[in-house]
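Asks: One structure coming up, written as structure tokens, with questions to follow.
The values are calculated or read from the model by the stated rules, or taken from the named source; none is laboratory data. From a predicted model like this one, the values you see are computed outputs, not experimental measurements. Glycine gets a Cβ as well: all are built from the backbone with ideal geometry, and neighbour counts include every protein chain shown.
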Amino acid sequence: MLLNYALAALSGLLLVLVFPRFDIALLAPFVLTPLVYALAREWEPKHRFLLGWVAGIVFWGAANYWIHFVLTVHGGMGPVWGTVGYVAFVLARAVPMGIFALCAGVVVQQPYAVLAVPALWVAMERIPYLYDYKWLMLGNAGIDMGVPMRLAPFTGVYGLSFVFAMLGTAVAWVALRKPRKQLIWLVLVVAGPFLLPSLPAPERGREEAVAVQPNVQDHGHWSRPEVDQLHLDLELRSVTPGRKPALILWPEIPGPVYYFEDESVQQRVATLAKSTGTPVILGTVARTPEGKPLNSAVMVKPSGERGGRYDKITLVPFGEYVPWPFAAIVAKISTEAGDFEAGTKVVNFADGVGGFICYESAFPQQVRQNVALGAKVLVNLSNDGYFGGGAAREQHLSLVRMRAAENRRWVLRATNDGITASIDPAGRVMRVLPELRVTSGRLPFSYETNLTVYSRFGDWFAWLCVALSVILLVLSQFPIYSRG
């Protein structure tokens, strides 16, 4: 039994290693092998669940270690309560992997296990759980793999997750000396991606955007001179040598850029847009009719008029809002946890520019709605300074890259202190600005109009896996009789 738990922990460790900052992506096809092998040796449902839960604890505890910093520093919970919150998060976030293992243990002895286990894995990734916190799906490990990435515009990241999960299950199947004929399902993953179109070739981009990276520190209280200096710095950094840019981007920042409440900000942005002849998109705080704060982005056109406003829909739990039932508890610990109101709908800016804010890059279904609504280029405004110096920056970038590939759109990523970058429709990083510096730079991009299968139909593949999982779980409960 101890060997089984060691194997489960090994799967959790392999999951950590395939993502930033380790980036050993070649391990992705073997991530599930130890866990599946252990499940095939375990018959008690309780231990099957615990095996998956252990794998999840290792993975989420190690990969999301930076959440401790977020809760302790930016959540204002302090080291003791921050640690309590972090441990509670890890234990709760590992539950879906326990449920996956419980279900996978039911089908792992069936002749269709090599199909059922990856379907269950994708179902686990897609079904909302724990405030629908999403981060680092298995398929994200394939962001630099040319052939598997052909799936992204058709199935989204879930298709890559399915491929890696199936390969891992097949390796365990061979190690268990199961009948080779039951590996026939591998034809799906071996031949399938090769039948799909290749990734688009790299190109320089026909347009340019100026992204300003102010590297603002979150120190809570700002004097009026500091506010004026911040606004001036943003303006000056927005003007760079070269041809007229198509867009000027200011990121989501912790500083006081209150466009809708501060007339001086409105005048400054309007003057910048008029003088450069370029639309300006900036992160700001808006208000609901009831006065509640919204994490928003607004476009100001060269005429000085607004070209649309988007209010962030998917807020960060414990960062931008405190979810039920923790509000009363956190209120006793900290007064710094956010209390933002969520937006209600996806909105594109003028001229076919779609925007999403920070953590929303982890949600494939939401970002693809921008493209389905007509976005020809995507803009991601973010402040990764909340993550501290951990691997979360690189992890976050990998999520944005997958969104670009799923929708075959350029993504312009403007951040407070990095990673500010231009990403092409294949998910390649075409230009990146230095991190943790006050700087600005030109990011190449092009406007694209074709819709991918994923942009049109969203998570069809993931929900197909959910349905298939249910069918195969039910089928596994029927007795199999053999002659003789």
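Asks: Can you say whether LEU451 is surrounded by 13 or more Cβ atoms within 10 Å (Cβ to Cβ), in contact with a helix residue (DSSP H, G or I) (Cβ under 8 Å, 6 or more places away or on another chain), under 18 Å from ALA119 (Cβ atoms) and modelled with pLDDT of 95 or more, as far as the supplied structure shows?
Replies: On the way: surrounded by 13 or more Cβ atoms within 10 Å (Cβ to Cβ): yes; in contact with a helix residue (DSSP H, G or I) (Cβ under 8 Å, 6 or more places away or on another chain): yes; under 18 Å from ALA119 (Cβ atoms): no; modelled with pLDDT of 95 or more: yes.
No: the conditions fail for LEU451.
Asks: Residues ALA405, ALA414: which one is touching a Leu at 6+ places or on another chain (Cβ under 7 Å), crowded, with 21+ Cβ neighbours inside 10 Å and on the phi < 0 side of the Ramachandran plot?
Replies: ALA414
Asks: Condition test on SER422, is it crowded, with 24+ Cβ neighbours inside 10 Å and in the same structural domain as ILE357 (by TED's automatic domain parsing)? Explain how you work it out, then say what you get.
Replies: Values: crowded, with 24+ Cβ neighbours inside 10 Å: yes; in the same structural domain as ILE357 (by TED's automatic domain parsing): yes.
Taking the combined requirement at face value, the residue satisfies it.
Asks: I'm trying to understand the selection: among the residues of the range 224-259, which are part of a helix (DSSP H, G or I) and free of Cβ contacts under 8 Å to residues at least 60 places away in the same chain?
Replies: ARG224, PRO225, GLU226, VAL227, ASP228, GLN229, LEU230, HIS231, LEU232, LEU234, GLU235, LEU236
Asks: Within the group ALA297, ALA286, ALA270, which residue is in the same structural domain as LEU232 (by TED's automatic domain parsing), more than 31 Å from the chain's Cα centre (by Cα) and either more than 30 Å from ALA88 (Cβ to Cβ) or of a type in the set (A, V, I, L, M, F, W, C) (or both)?
Replies: On the way: ALA297 fails: more than 31 Å from the chain's Cα centre (by Cα); ALA286 fails: more than 31 Å from the chain's Cα centre (by Cα).
That would be ALA270, the only listed residue that is in the same structural domain as LEU232 (by TED's automatic domain parsing), more than 31 Å from the chain's Cα centre (by Cα) and either more than 30 Å from ALA88 (Cβ to Cβ) or of a type in the set (A, V, I, L, M, F, W, C) (or both).
Asks: How many residues does the range 283-307 contain that are among the hydrophobic types (A, V, I, L, M, F, W, C) and touching a residue at least 60 places away in the same chain (Cβ under 8 Å)?
Replies: 1
Asks: Among the helices (runs of 4 or more DSSP H) contained in the range 386-484, which hold 3 or more residues that are in contact (Cβ under 8 Å) with a residue 24 or more places away in the chain and within 26 Å of PRO245 (Cβ to Cβ)?
Replies: Hits in the range 386-484: 392-407.
Asks: I've got another one for you. Hey, among VAL239, VAL189, VAL216, VAL174, which residue is exposed (fewer than 14 other Cβ atoms within 10 Å of the Cβ), in contact with a helix residue (DSSP H, G or I) (Cβ under 9 Å, 6 or more places away or on another chain) and modelled with pLDDT under 95?
Replies: Exactly one residue qualifies, and that residue is VAL174.
Asks: Could you please tell me which pairs satisfy a Cβ distance under 8 Å, a separation of 6+ or placement on different chains, a first residue in the range 168-181 that is on the phi < 0 side of the Ramachandran plot, and a second residue that is polar (S, T, N, Q) and part of a helix (DSSP H, G or I)?
Replies: GLY168/THR33; THR169/THR33; VAL171/THR33; ALA172/THR33; TRP173/GLN182; ALA175/THR33
Asks: Restricting the search to the range 131-162, which residues are over 14 Å from the mean Cα position of the chain (by Cα) and without any contact (Cβ under 8 Å) to a residue 40 or more places away in the chain?
Replies: LEU160
Asks: Applying the selection to the range 192-213, what residues are within 30 Å of LEU160 (Cα to Cα), aliphatic (A, V, I, L, M) and surrounded by 11 or more Cβ atoms within 10 Å (Cβ to Cβ)?
Replies: LEU196, LEU199
Asks: Quick one: ARG403 ticks every box in (1) farther than 19 Å from ARG150 by Cβ; (2) modelled with pLDDT of 95 or more; (3) charged (D, E, K, R) except a single one, so which number is it?
Replies: Among (1) farther than 19 Å from ARG150 by Cβ; (2) modelled with pLDDT of 95 or more; (3) charged (D, E, K, R), the lone unmet condition for ARG403 is (1).
Asks: Ok, one more. Just to be sure before I move on: is TYR112 touching a strand residue (DSSP E or B) at 6+ places or on another chain (Cβ under 8 Å) and surrounded by fewer than 24 Cβ atoms within 10 Å (Cβ to Cβ) in the structure I sent? Can you show your working first?
Replies: Numbers: touching a strand residue (DSSP E or B) at 6+ places or on another chain (Cβ under 8 Å): no; surrounded by fewer than 24 Cβ atoms within 10 Å (Cβ to Cβ): yes.
Answer is no for this residue.
So that you can scan it fast, the table gives a plain yes or no per residue for (1) modelled with pLDDT of 95 or more; (2) out of contact with any Phe, Trp or Tyr (no Cβ under 7 Å at 6 or more places or on another chain); (3) within 21 Å of TRP173 (Cβ to Cβ):
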position: PHE59; (1), (2), (3): yes, yes, no
position: HIS68; (1), (2), (3): no, no, no
position: PHE89; (1), (2), (3): no, yes, no
position: ALA94; (1), (2), (3): yes, no, no
position: ALA101; (1), (2), (3): yes, no, yes
position: ALA104; (1), (2), (3): yes, yes, yes
position: PRO111; (1), (2), (3): no, yes, yes
position: TYR129; (1), (2), (3): no, yes, no
position: ASP132; (1), (2), (3): no, yes, no
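Asks: Check the range 432-440 and report whether any residue there is of a type outside the set (Lys, Arg), crowded, with 19+ Cβ neighbours inside 10 Å and outside the structural domain of VAL147 (by TED's automatic domain parsing).
Replies: yes
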